[in-house]
Each structure stands twice: as structure tokens, then as C-alpha cells.
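First comes the structure, then the notes that go with it.
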Amino acid sequence: MLKRIPNGLYATVFGTVFLAMGVNALLVVACVPFLALLMTTDPSLSWPLLAVTGALCAPGLAASFSVFRQHKSGENRVVKPFVDALRATWRAALAVGFLVAGVIVVAVVDLVMLVSTEAGMLVAPVLTVVAVIALATGVVSLVAISETASARLRDIVRVAAVMSVRRWYLTAASLVVIGIQAAIVVAAPALGIGITSAACLYVVWAGARFALQPAVAPVSQGAAA
């Protein structure tokens with residue numbers, strides 16, 4: 001005889017599916033400029049503009065991370081926590097988004113310009129590392145903003161940079177997930193944003209949150225002071 005499936009399992013599965021679908025739908029709305037540009041241009045030519053419009057997605061990402069945190073604490077709603085988090089964090093998240101986009105665009109442009117020169121072989125690894133650290137710092141910063149929205153932005157970015165390097169193994173895992181998700185988004189934007197984004201972001205959020213555990217409290221205390 002088949003064992004009876006506990007009602008709690010149904011609730012857990014339904015809650016997880018509802019969370020994923022809700023976050024995916026809200027991200028589509030938050031990333032409309034980026035998606036519109038991605039679907040109407042050639043990414044190989046429009047990548048600088050994609051980087052800029054991608055920065056506009058940062059508030060939506062921070063809000064999604066906040067929804068994950070609240071869901072873990074027992075919150076079953078998605079839309080209201082997302083909107084509330086968006087209102088509380090959009091300024092800081094947008095600043096982080098444009099900062100990261102700026103660093104990456106400058107690094108890539110310099111890399112393209114110098115790659116065929118003698119100096120390129122020496123500078124290319126440095127520029128690549130700078131771009132990777134900027135991306136990692138940006139991701140961890142958005143998670144930190146979702147955890148401690150009242151903290152000073154400079155404290156958040158500084159701590160995120162340190163923790164993303166110190167716990168490099170978590171950063172590497174998150175970057176691999178982000179790379180896979182980026183490939184999916186470029187190949188099939190509707191699938192990438194509408195279906196798989198929540199799962200990808202949850203993995204990234206969990207890793208970054210774990211990396212931030214030793215520092216979240218000090219950052220909050222510094223902001224209060």
C-alpha cells in the first residue's frame with residue numbers, strides 16, 4: 001500500500017512553486033527595459049546598452065532576495081513583500097547596479113582595445129579579475145541590501161567586496177550559476193526570466209547570505225552608529 005503523503009508536504013511544494021512563479025513574474029516586470037532591448041537587438045553589438053539596462057534590474061533582484069528571506073521566515077505572500085522591499089531598497093540597489101555595470105563596461109572596452117597589443121597580454125588578466133570581482137561584489141551587495149537596507153551603501157559595498165573574495169568558493173559557485181542563467185536568458189529570454197530565474201537567484205542568494213553571516217551584524221551596527 002502506498003503511504004499517505006503528509007498535508008504539510010503539499011503545502012511546502014505549493015508554497016515553493018507559488019514563490020518561484022511570483023518572483024519570476026515580478027522580475028519580468030522589473031526588467032522590462034532590459035528584456036525589450038535583449039529581444040530586439042543583437043547582444044554582441046548592443047552589450048554596452050544591455051549592461052546599462054541590466055543595471056535597472058538591480059532593484060528587482062534586491063527585492064527578490066528580500067522575498068526569499070521573508071519566505072524563509074514564514075511569509076507566504078510574494079507581491080506585497082516584493083513591492084515593500086522595492087520601495088525600501090531601490091535607491092541603494094540602483095546605485096550598486098550602475099556601479100557594477102560601469103566597471104564591467106570599462107573593463108571590457110579596455111580589454112577589447114588592448115587585446116591585440118603587447119600590453120594586452122599583461123593587462124587582460126587584470127581587467128578580467130576586476131570585472132569578475134565587480135560582478136561578485138555587486139551580487140553580494142544586493143543580498144546585503146536586502147538583509148540590512150538601513151546600512152550605509154559604502155559599508156555594504158566594502159563588506160561585500162571583502163566577503164566575496166574571502167569566501168571565493170561560494171563566489172565561484174554563484175558565478176557559475178549566474179553564467180548558466182545568463183546563457184539561458186540570451187538564448188531564450190522568456191524561458192530565462194519567466195521560468196528559471198527564481199531558482200537561479202535562490203541559489204545565489206543562499207550562497208551570498210551564508211558568506212555575509214559574519215559581517216551582516218557589524219554592518220548594521222555601523223549604520224546605527
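The values are calculated or read from the model by the stated rules, or taken from the named source; none is laboratory data. Since the model is a prediction, treat every value here as computed from it, not as a measurement. Methodologically, a virtual Cβ is constructed for each residue, glycine included, from the backbone with ideal geometry; neighbour enumeration extends over all protein chains shown. Ligands, DNA and RNA are excluded from the accessible area calculation, which covers all protein heavy atoms including side chains. Shrake-Rupley method; radii C 1.70, N 1.55, O 1.52, S 1.80 Å.
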Solvent accessible area, Å² - Y169, 1.4 Å probe, full protein context: 110
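Give me the extension gain from M21 to R87: residue separation times 0.36 nm, minus the current Cα-Cα distance, reported in nm with one decimal. Could the numbers behind the result be given before it?
Working: separation 66, 0.36 × 66 = 23.76 nm, distance 2.11 nm.
This chain segment gains 21.6 nm when fully extended.
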In percent, what relative contact order does the chain have, based on Cα pairs under 8 Å that are 6 or more apart in sequence? 23
Helical mean residue ellipticity (222 nm; -39500 (n - 2.57) per DSSP H run of 4+; nearest 500) of the chain: -29000 deg cm²/dmol
Trypsin sites (Lys or Arg not before Pro) restricted to DSSP loop in region 110-170 with at most 16 other C-beta within 10 Å: R152
Where Lys and Arg each count +1 and Asp and Glu each count -1, what net charge lies around E147 among other residues with Cβ under 13 Å from its Cβ? +2
Amide H contacts of V78 (H built 1.01 Å from N, under 5 Å, at least 5 apart or other chain): none
Helix 197-224 axis, angle to the chain major axis (alpha carbon atoms, nearest 10°): 80
Which value, in debye to the nearest 20, gives the size of the charge dipole of region 31-96 about its Cα centre, when Lys and Arg are +1 and Asp and Glu are -1 at the Cβ? 320
For region 47-120, what class follows from the C-alpha gyration tensor (a ≥ b ≥ c being the square roots of its eigenvalues): rounded when a/c is under 1.5, otherwise prolate if a/b is larger than b/c, else oblate? prolate
Counting pairs of alpha carbon atoms under 8 Å apart in space and at least six apart in sequence, what relative contact order in percent does region 101-152 give? 36
For peptides 34-43, 55-64, sequence by mean Cβ density within 10 Å, most packed first: 55-64, 34-43
Among L175, V126, S146, whose Cα sits farthest toward the positive end of the charge dipole of the chain (+1 at Cβ of Lys/Arg, -1 at Cβ of Asp/Glu, about the Cα centre)? S146
Accessible area in the full protein assembly, largest first, 1.4 Å probe, for S197, S116: S116, S197
Carbon and sulfur atoms account, in whole percent of the 1.4 Å probe accessible area of the chain, for 73
Compute the angle between helix 58-72 and the longest alpha-carbon principal axis of the chain, please, reported from 0 to 90 degrees and rounded to the nearest 10. 30
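What order do you get for 127-134, 108-115 when each peptide is scored by the mean count of other beta carbon atoms within 10 Å, highest first?
Result, highest mean first: 127-134, 108-115.
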